[in-house]
Amino acid sequence: RATLPHQLDELTGLTDGPGEAQQVAQIHNAVESYITNFAEPLIASGPRLKTPQEVTEALRGKGLVDGIRFRFTALENTDRTLRARDRAHTSSESDRAVLFGAIGLGLSVLLLIGLAAYLVKRFLDPMRTVAAAARELAAGRLTTRVPEVGLGEVAELGRSFNAMAANLESHDEEL
């Protein structure tokens, strides 16, 4: 009897929302009623009960305990329902996070492909053009030139190649 209020307080602390709190309050009231209105008077009456009275009181006590047990079952079912709802919500949130992650990954891949295409166009295509022109120059076509496109080192490579080709062409003409 002394630990009962503490145990009921602990049970109240485990509730999720007003629905469960109300169910715990009903359990609390039913237990208090059982103790106050049944168990304590029965104990106080002592061994004075006759066999028919004992059977009647035992059946009445069983009915009260069954009522408390029913309330605990209802609380457990409510808790299961709430946990299932929370799991579904968490699963939905998880699915949404995975979807956003997949979309982000897809966009990242597309950006990387775009960057690769840009780098090829910006740097490799001019270098391929210079390499092809160098093969032409090596084959003896001294009039070969490349367009001076791009910025920085790529444009400098085109200008240097054209200057080299012009020098080779002028030296060839002098010979």
Open item on the list: Out of everything in segment 67-92 that is aliphatic (A, V, I, L, M) and under 28 Å from N29 (Cβ atoms), what residue ends up being surrounded by the most Cβ atoms within 10 Å (Cβ to Cβ)?
Closed with: L75
- [ ] Report yes if A117 is over 55 Å from the mean Cα position of the chain (by Cα), of a type in the set (G, A, S) and either surrounded by 10 or more Cβ atoms within 10 Å (Cβ to Cβ) or part of a helix (DSSP H, G or I) (or both), otherwise no.
- [x] no
- [ ] Tell me, yes or no, whether segment 43-59 has at least one residue that is under 15 Å from F72 (Cβ atoms), open to solvent by 80 Å² or more (accessible area, probe 1.4 Å) and out of contact with any His (no Cβ under 8 Å at 6 or more places or on another chain).
- [x] no
Open item on the list: What's the number of the only condition in (1) within 47 Å of the chain's Cα centre (by Cα); (2) open to solvent by less than 60 Å² (accessible area, probe 1.4 Å) that L64 fails to meet?
Closed with: (2)
Task: Tally of residues being assigned to a helix (DSSP H, G or I), open to solvent by 20 Å² or more (accessible area, probe 1.4 Å) and either of a type in the set (A, V, I, L, M) or touching a strand residue (DSSP E or B) at 6+ places or on another chain (Cβ under 7 Å) (or both) across segment 151-165 - done: 3
- [ ] Confirm whether T3 is open to solvent by 60 Å² or more (accessible area, probe 1.4 Å), of a type outside the set (K, R) and either closer than 12 Å to L75 by Cβ or modelled with pLDDT under 90 (or both).
- [x] yes
- [ ] Test D95 against the stated conditions and say whether it is part of a helix (DSSP H, G or I) and open to solvent by less than 70 Å² (accessible area, probe 1.4 Å).
- [x] no
TODO: Any chance you could count how many residues in segment 137-164 are basic (K, R) and more than 15 Å from M127 (Cβ to Cβ)?
DONE: 2
Task: The listed residue being at pLDDT 90 or above, in a helix (DSSP H, G or I) and out of contact with any helix residue (DSSP H, G or I) (no Cβ under 8 Å at 6 or more places or on another chain), out of L124, L110 - done: L110
- [ ] Scan segment 127-150 residue by residue and report those that are exposed (fewer than 15 other Cβ atoms within 10 Å of the Cβ), of a type outside the set (A, V, I, L, M) and not in a loop (DSSP other than H, G, I, E, B).
- [x] R128, R135
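The values are calculated or read from the model by the stated rules, or taken from the named source; none is laboratory data. Because the structure is a prediction, the values reported are computed rather than measured. Glycine also receives a Cβ, built like all others from the backbone with ideal geometry; neighbour counts cover every protein chain displayed. For accessibility, only protein heavy atoms count, side chains too; no ligands or nucleic acids. Shrake-Rupley method; radii C 1.70, N 1.55, O 1.52, S 1.80 Å.
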